[in-house]
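The values are calculated or read from the model by the stated rules, or taken from the named source; none is laboratory data. What you see is a predicted model, and the numbers here were worked out from it, not measured in a lab. Because the Cβ atoms are built from the backbone with ideal geometry, glycine has one as well, and the counts that use them run over all protein chains shown. All accessible areas refer to the heavy atoms of the entire protein, side chains included, with ligands and DNA or RNA removed. Shrake-Rupley method; radii C 1.70, N 1.55, O 1.52, S 1.80 Å.
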Amino acid sequence: MKEIVILGSTGSIGTQTLEVVKNNNDLHVKALAAGNNIELLEKQIEQFMPEMACVYNSSKALELKKRLYAKGGDYRHINIVTGMDGLAECAVIDGADTVVAAVTGMIGIKPVTEAIKAGKDIAFANKETLVTAGHIIMPMVNKYKVKLLPVDSEHSAIFQCIDGQHGIMPVKILLTASGGPFRGMKKEQLTDITPTDALKHPNWSMGKKITIDSSTMVNKGLEVIEAKWLFGMELKNIEVVIQPQSIIHSMVEFKDGAVIAQLGTPDMKLPIQYALCYPERRHLPGSRLDFYQMSQITFEKPDMETFEGLKLAYEAGEAGGSMLTVFNAANEKAVSMFLGNKTSFLGITRIIRECMQAHKNIDNPSLSDILEIEQDVYKYIESRYL
C-alpha cells in the first residue's frame, strides 16, 4: 500500500488525484490539505478518511473541526491543522510515501522542502516552487535521495520520453503549448479582454490562476524554467512549439536527430497516475486517441511580442537568481488584480516587466530572501497600481 499526501486536494490536480486513488486499490490517502474550501474538503474526508487534514484558513479550519466532531466516531480522531505549519505537518506525516504538491504559488516552498528532508518522494505540480527555488530544491532532492516526479503534462511527457534511454539525455526539449484562447491574435486585439474571456481555455479544464497564465503564455514560461531545473537543460535548448490540438504533450530531440514525442488525450489523470505508480503503467479509464478520426496535428512558432509573458520568462530565466521570484510574484499579484478587475489583460505582462526592470538581482537567494522578495514585489505593485 502506498500512502500519499495531497497538498491542494480541492484544486483541479488534487481532485483528479483523488479520482486516480479511487481507481487504484493500493493507493491510500494519509493527509489532505486545502485553502478554505471546507465543503469539498469535508466530502473528501468522508470518502477517504485521512489521518490529518489541513485548512490554510484558520477560521475555516475551526469550522471544519466542529463539523467533524459533530459527526462523531472516527471523524473525531482526524487531526485538523492550519496555516503554513499545518501544511508542513501534512507534508512530513509519518508513514507517507509520496507527497502530491498541487498547491498554487510560492506557498508550496516550505512544505515541499520539509517533505524532501523527511525523505518523501514528490509528485510535483507546483511549478512556482521550482521556478523560484530550483537552485535550492534540486540539490536537496539529490542530498536526500528522493524522487521528484513531474505531474504537469508537458514535464511528464518529457520525463516519459527520456525514461528508458539508458541515461542518455536529449540535446533539446520541445515544450508544446496549445496557444490558449487568444492564439493568432495581435496585441491590439487583446485590449478589451475580460476575465471571462481569458478563462475559456480551448482544451484543458484547470483552475482560474493557471488558466489565466495559459492565456498570457506566462504558464509556458514558468514551464520552460521548470524544465531547466527538472532536466538540467540550458534555456537556449528549451524551445516552445505551439501545438493547438494538445495531442503531443512534449518532445525531446537527441544528438542523432531523433525526436521522441509523447501523445495522448488532454487528460491530467494520465501524468498523475504515472507519477504515483512509477515505473508501472496501469490501466486508466477514459478516452483514447483515435488516429482515424484525427484530422491533423499542426505546429506554430510562438508570438513572443504579442504574448510577452513568454519572452519575459526567458529573460528572467537567463538572469536567474532573485529575478525568477520577481517574475513569479509579479505575475501572481497581477493575475489576482486582473481577476478582480483591477488591471487589464495586457496589464498583467506590463506589471511583470516593470517589476523586473525595477529589481536589483541577487545571484543566489536563500529561502528567506525569496519569501522577503515576494512580499517586496507585492508591496511595490500595491504602491503603484492599487
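Screening the candidates LYS255, LYS236, LYS301 for the property of being open to solvent by 10 Å² or more (accessible area, probe 1.4 Å), touching a residue at least 12 places away in the same chain (Cβ under 8 Å), of a type in the set (D, E, K, R) and under 18 Å from PRO170 (Cβ atoms) yields one hit, LYS255.
Just to be sure before I move on: is ALA61 of a type in the set (Gly, Ala, Ser) and in a strand (DSSP E or B) in the structure I sent? For ALA61, the condition - of a type in the set (Gly, Ala, Ser) and in a strand (DSSP E or B) - is not met.
Against the definition (touching a Pro at 6+ places or on another chain (Cβ under 7 Å) and in a loop (DSSP other than H, G, I, E, B)), how does PRO202 come out, yes or no? Judged against the criteria, PRO202 is a match.
Residue selection: PHE345 fails the criterion of being among the aromatic types (Phe, Trp, Tyr), at negative phi and within 18 Å of the chain's Cα centre (by Cα). Selection of first residues in the range 41-52 that are within 18 Å of LYS2 (Cα to Cα) and of second residues that are open to solvent by 70 Å² or more (accessible area, probe 1.4 Å) and modelled with pLDDT under 95, restricted to Cβ pairs under 8 Å at least 6 apart or on distinct chains, gives the following pairs, ordered by first then second residue: MET49/ASP74. Taken together, GLN293, GLN189 contain a single residue that is assigned to a helix (DSSP H, G or I), open to solvent by 40 Å² or more (accessible area, probe 1.4 Å) and over 27 Å from THR17 (Cβ atoms), which is GLN189. Taken over the range 70-89, the residue count meeting the criterion of being at pLDDT 95 or above and in contact with a helix residue (DSSP H, G or I) (Cβ under 7 Å, 6 or more places away or on another chain) is 8.
Condition (residue is touching an Asp or Glu at 6+ places or on another chain (Cβ under 9 Å), at pLDDT 95 or above and surrounded by fewer than 19 Cβ atoms within 10 Å (Cβ to Cβ)) applied to the range 31-43: is it met by at least one residue? Scanning the range 31-43 turns up no residue that is touching an Asp or Glu at 6+ places or on another chain (Cβ under 9 Å), at pLDDT 95 or above and surrounded by fewer than 19 Cβ atoms within 10 Å (Cβ to Cβ).
For the range 117-157, what are the residues that are of a type in the set (Val, Ile, Thr), within 25 Å of LYS2 (Cβ to Cβ) and buried (at least 24 other Cβ atoms within 10 Å of the Cβ)?
The answer is ILE122, THR129, VAL151.
The single condition among (1) open to solvent by 70 Å² or more (accessible area, probe 1.4 Å); (2) out of contact with any Gly (no Cβ under 6 Å at 6 or more places or on another chain); (3) in contact (Cβ under 8 Å) with a residue 40 or more places away in the chain that TYR56 does not satisfy is (2).
Summed over the range 320-374, the residues that are part of a helix (DSSP H, G or I) and either of a type outside the set (A, V, I, L, M, F, W, C) or more than 23 Å from TRP229 (Cα to Cα) (or both) give a count of 27.
I'd like to verify a number: residues in the range 317-345 that are open to solvent by less than 40 Å² (accessible area, probe 1.4 Å), in contact (Cβ under 8 Å) with a residue 60 or more places away in the chain and either within 23 Å of THR194 (Cα to Cα) or of a type in the set (Asp, Glu) (or both), how many? Here the count works out to 8. Among the criteria (1) part of a loop (DSSP other than H, G, I, E, B); (2) of a type outside the set (D, E, K, R); (3) open to solvent by 20 Å² or more (accessible area, probe 1.4 Å), the one GLY179 does not fulfil is (3).
Within the range 138-152, residues that are within 21 Å of ILE272 (Cα to Cα) sit with their Cβ atoms under 6 Å from residues that are open to solvent by 40 Å² or more (accessible area, probe 1.4 Å) and hydroxyl-bearing (Ser, Thr, Tyr), at 6+ positions apart or across chains, in these pairs: LEU149/TYR278. Residues in the range 72-82 include none that are out of contact with any strand residue (DSSP E or B) (no Cβ under 8 Å at 6 or more places or on another chain), open to solvent by less than 50 Å² (accessible area, probe 1.4 Å) and either in a helix (DSSP H, G or I) or among the polar types (S, T, N, Q) (or both).
The number of residues in the range 348-368 being buried (at least 21 other Cβ atoms within 10 Å of the Cβ) and within 25 Å of THR194 (Cα to Cα) comes to 5.
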